[in-house]
Amino acid sequence: MSLSAVLLAAGSSPTPTPSESPTVTVPSLQDAQESATNAASWVEQNWSTWLAIGLRVLLILVVAAVLRVVVQRSITKLIDRMNRTVESVDGTTLGGLLVNHERRAQRSQAIGSVLRSVASFLILGTAALMVLGTFEINLAPLLASAGVAGVAIGFGARNLVTDFLSGVFMILEDQYGVGDQIDAGVASGEVIEVGLRVTKLRGDNGEIWYVRNGEVKRIGNLSQGWATAGVDVTVKAAEDLDRVKATLDEVAEKMSKEEPWNELLWSPIEVLGLDSVLLDSMVVRVSAKTMPGKSLSVERELRWRVKRAFDAADIRIVGGATATAEEDLADPTASVAAPSVFANADSPQVAATTPIAQPRATPAK
């Protein structure tokens with residue numbers, strides 16, 4: 001091809017300009033029909049898989065919901081049965097002291113709430129994992145991440161887990177409740193709030209103690225069952241024991257019939273006998289079972305009545321186990337004479353009592 005022909009061909013072709021836009025291809029009706037046919041065929045090929053996955057997910061959710069309801073109802077019936085078992089001992093004296101309706105209701109609500117929450121978490125968590133597996137999602141990385149996170153949280157919050165587990169077992173075993181007077185070792189007082197992690201106590205001076213359940217190693221409950229009021233009466237060894245016992249029996253009988261002590265005393269006041277015998281004194285032990293938390297009040301009143309009765313019966317109460325009466329003590333300085341100023345020859349008093357010497361007469365020359 002000659003050079004002129006090439007130049008002619010190049011000059012005949014249009015030169016593109018920057019302002020010229022590209023042409024847009026408009027799909028035809030045939031292309032739209034073809035796309036719709038492909039989509040319909042894809043749906044037709046996969047609808048059975050989708051239906052199977054949907055039915056499987058629905059079945060998992062239905063089974064999880066039914067199982068959750070059944071488990072929660074079973075827990076509720078179990079707690080109600082436990083309450084009925086406890087109510088069977090309400091007719092006895094000791095059973096009435098150990099349990100009461102409000103205490104059982106609080107304990108049942110706490111136990112039921114914890115068990116239902118744990119059951120719901122396990123059932124719904126398992127159902128969620130099964131649903132994810134139905135969609136063919138790889139759960140291995142998720143479970144591995146959850147395991148690592150659980151280990152990290154366990155190391156970081158081990159004290160929190162310990163407190164929580166201790167609170168759960170404390171409630172399950174009914175170790176103490178609101179209104180009980182307890183000695184937790186680290187603190188003592190009246191329980192004003194019970195939680196799964198912290199127990200709140202009101203101290204004797206009005207202070208509030210927040211005690212973590214995981215730190216409690218022992219619990220002394222002073223409000224369950226009954227308390228013991230004990231009074232030690234120390235008298236002189238020369239007193240008549242029969243007379244002392246008769247006076248104490250009279251005080252005990254009179255106090256047991258008067259209000260409000262007849263309600264606080266849950267057993268007769270007993271004179272247990274001699275607790276100790278020493279050379280110059282002896283201790284008589286008096287004891288009684290009282291309402292929980294009322295032993296100190298009973299002891300104070302009993303001491304008051306015993307002192308007044310002994311004064312009326314002319315029975316001397318000794319202040320201590322080895323104390324003696326004041327009149328029996330001899331004064332060690334009674335036989336010692338008071339010091340005299342005349343014992344010192346150089347004292348001013350001795351000089352003042354020295355006779356004045358008469359002047360000697362001079363002989364005559």
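The values are calculated or read from the model by the stated rules, or taken from the named source; none is laboratory data. Since the model is a prediction, treat every value here as computed from it, not as a measurement. Counting neighbours? That spans all protein chains shown, and the Cβs are built from the backbone with ideal geometry, glycine included. Ligands, DNA and RNA are stripped out before the accessible areas are found, and what is left, the full protein with its side chains, is counted by its heavy atoms. Shrake-Rupley method; radii C 1.70, N 1.55, O 1.52, S 1.80 Å.
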Response to the item:
Taking a straight Cα-to-Cα line shorter than 28 Å from residue 245, and setting aside same-chain lysines fewer than 8 residues away, one finds 236, 254, 257, 289, 294, 307
Worksheet item: How much FRET efficiency would the formula 1/(1 + (r/R0)^6) give for residue 193 and residue 317, where r is the Cβ-Cβ distance and R0 is 56 Å, rounded to 0.05?
Response: 0.80
Worksheet item: Over the heavy atoms of residue 259, what accessible area does a 1.4 Å probe trace out, to the nearest 10 Å²?
Response: 140 Å²
Worksheet item: Can you give the Rg to Rh ratio of segment 191-297, both from alpha-carbon atoms, with Rh computed by the Kirkwood formula?
Response: 1.15
Worksheet item: Pulled fully out, how much extra length does the chain show between residue 228 and residue 207, if you take 0.36 nm times their separation in residues and subtract their Cα-Cα distance?
Response: 4.9 nm
Item to complete: Roll a 1.4 Å probe over the protein heavy atoms and report the accessible area of residue 263 in Å², nearest 10.
Response: 120 Å²
Worksheet item: Under 21 Å from the Cα of residue 200, which lysines turn up, not counting those fewer than eight places away in the same chain?
Response: 217
Worksheet item: What full-extension length gain, to one decimal in nm, is calculated for residue 270 and residue 131 as 0.36 nm per residue of separation minus the Cα-Cα distance?
Response: 42.9 nm
Practice prompt. Report the accessible area of residue 67, computed with a 1.4 Å probe over the heavy atoms of all protein chains in place, in Å² rounded to the nearest 10.
Written response: 90 Å²
Response to the item:
At 10 °C in a medium of viscosity 1.306 mPa s, segment 228-284 has a Stokes-Einstein diffusion coefficient, with Rh taken as the Kirkwood radius over alpha carbon pairs, in µm² per second, of 128 µm²/s
